[in-house]
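What follows is a single structure, written as C-alpha cells, with notes after it.
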Amino acid sequence: MKSYADSFLELIYPEKNTCFICETYDETIGDKYICSDCEKHIKKIEPPVCSKCSKPIFHNSSIDLCQECCDVTRHFEMSKSPYAYEGLIKKAIYSYKYYNKTYFYKFFGNCLVSFMKNINYTDFDFIVPVPLHSSKMRKRGYNQSELLARHISASLSIPYVDALKRTKKTLKQSEQSKEERRKNLKDAFGVNSSAEKIINSSVLLVDDIYTTGSTVDECSKALVNYGAAKVYVITIAR
C-alpha cells in the first residue's frame with residue numbers, strides 16, 4: 001500500500017516512464033527514472049577505493065586507506081557512495097535540494113537500494129537521516145536526506161528513526177575550507193528523545209553527498225556518544 005507522501009508526490013509529478021535527468025519519456029524507463037543515455041553518462045565510483053570513506057585511491061596499499069583517513073579519526077565505521085559527485089549526478093542533486101524536485105528521492109533512493117544490495121551493505125538495525133536546522137527546514141520545506149532515508153527504510157524493511165537534530169545554525173558548508181567545515185560543525189548535532197532505541201545497535205546514517213566527511217562524522221559522533229554501537233554511512237555521491 002502506498003504511503004500518503006508517495007501518493008501525493010505522484011499527483012504533483014506523474015513520473016512513470018520519464019527520465020528525471022533529461023525529462024525524456026520512454027516506455028522502457030519504467031521505475032528506474034532514468035533513460036539509458038543519461039545512465040551511460042553518470043560516473044560510478046570504481047575500485048580501488050578507501051575502505052573507510054570510499055574515496056578512489058590510485059595506489060596499492062596493504063592498509064587500503066586514503067591519506068585523510070590515515071590522518072583523521074572517523075567516528076563512523078565506513079561510508080559508501082555509488083557515484084562520483086560530478087556531471088549529471090551533481091546537477092541532479094542540486095535540483096533535488098534547491099529546486100523543490102522532491103520526487104527525485106525515488107530515483108536516488110532506488111539507486112541506493114540497488115547499490116546496497118549489490119555490495120551486501122544492508123545489515124543495519126536502524127536508519128537515521130542527517131537533519132536540517134529548523135530554519136532551513138522552514139525555508140526548503142523538506143529534508144532531502146530524510147526522504148532518502150524513509151525510502152531506503154521502506155524498501156529494505158529496516159526501521160527508520162528520527163534520532164538526530166541540529167542544535168545550532170551553521171554556515172553553508174560549500175563555502176568553507178576543509179578545516180573551517182570541521183569547526184563550523186563542531187557540536188552542531190544532538191540526539192532526540194526518540195533515539196533511545198538505537199543504543200547498542202548498528203545505525204545507517206543517510207545523507208545526499210560526502211565531501212570532506214565533516215557532516216556525517218559529527219552526526220556519527222553524536223550517535224556513538226549517545227550509545228550506538230556502530231555507525232555506517234550511505235550517500236548518493238562523493
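Which condition number in (1) at pLDDT 90 or above; (2) surrounded by 13 or more Cβ atoms within 10 Å (Cβ to Cβ); (3) assigned to a loop (DSSP other than H, G, I, E, B) is the one that residue 79 fails?
(3)
List the residue pairs whose Cβ atoms are under 6 Å apart, where the first residue sits in region 96-109 and is among the polar types (S, T, N, Q), the second is part of a loop (DSSP other than H, G, I, E, B), and the two are 6 or more positions apart or on different chains.
102/142
Within region 110-224, considering only helices (runs of 4 or more DSSP H) that don't extend past its boundaries, which have at least 2 residues that are modelled with pLDDT under 95?
On the way: elements: 134-140, 144-156, 178-185.
Result: 134-140, 178-185.
Could you tell me how many of the residues in region 55-84 are of a type in the set (Gly, Ala, Ser) and within 16 Å of residue 214 (Cβ to Cβ)? First the steps, then the outcome.
Pass one, region 55-84, residues of a type in the set (Gly, Ala, Ser): 61-62, 79, 81, 84.
So of that shortlist, the ones also within 16 Å of residue 214 (Cβ to Cβ) come out as 79, 81.
Number satisfying all stated conditions: 2.
Suppose we keep only residues that are exposed (fewer than 13 other Cβ atoms within 10 Å of the Cβ) and without any contact (Cβ under 8 Å) to a residue 40 or more places away in the chain within region 115-134. Which one would you say is nearest to residue 51 (Cα to Cα)? I'd like the intermediate steps shown before the answer.
Looking only at region 115-134, we keep the residues that are exposed (fewer than 13 other Cβ atoms within 10 Å of the Cβ), and these are 117-120, 123, 134.
Next, from what is left, pick out any that are without any contact (Cβ under 8 Å) to a residue 40 or more places away in the chain: 117-120, 134.
Values: 117: 18, 118: 17, 119: 13, 120: 15, 134: 34 Å.
The residue in question is 119.
Taking the condition modelled with pLDDT of 95 or more and either polar (S, T, N, Q) or surrounded by 16 or more Cβ atoms within 10 Å (Cβ to Cβ) (or both), does residue 54 pass? Don't jump to the end; show me each part of the working.
Values: modelled with pLDDT of 95 or more: yes; either polar (S, T, N, Q) or surrounded by 16 or more Cβ atoms within 10 Å (Cβ to Cβ) (or both): yes.
For residue 54, the condition - modelled with pLDDT of 95 or more and either polar (S, T, N, Q) or surrounded by 16 or more Cβ atoms within 10 Å (Cβ to Cβ) (or both) - is met.
The values are calculated or read from the model by the stated rules, or taken from the named source; none is laboratory data. Owing to the predicted nature of the structure, the values given are computational and were not obtained by experimental measurement. Because the Cβ atoms are built from the backbone with ideal geometry, glycine has one as well, and the counts that use them run over all protein chains shown.
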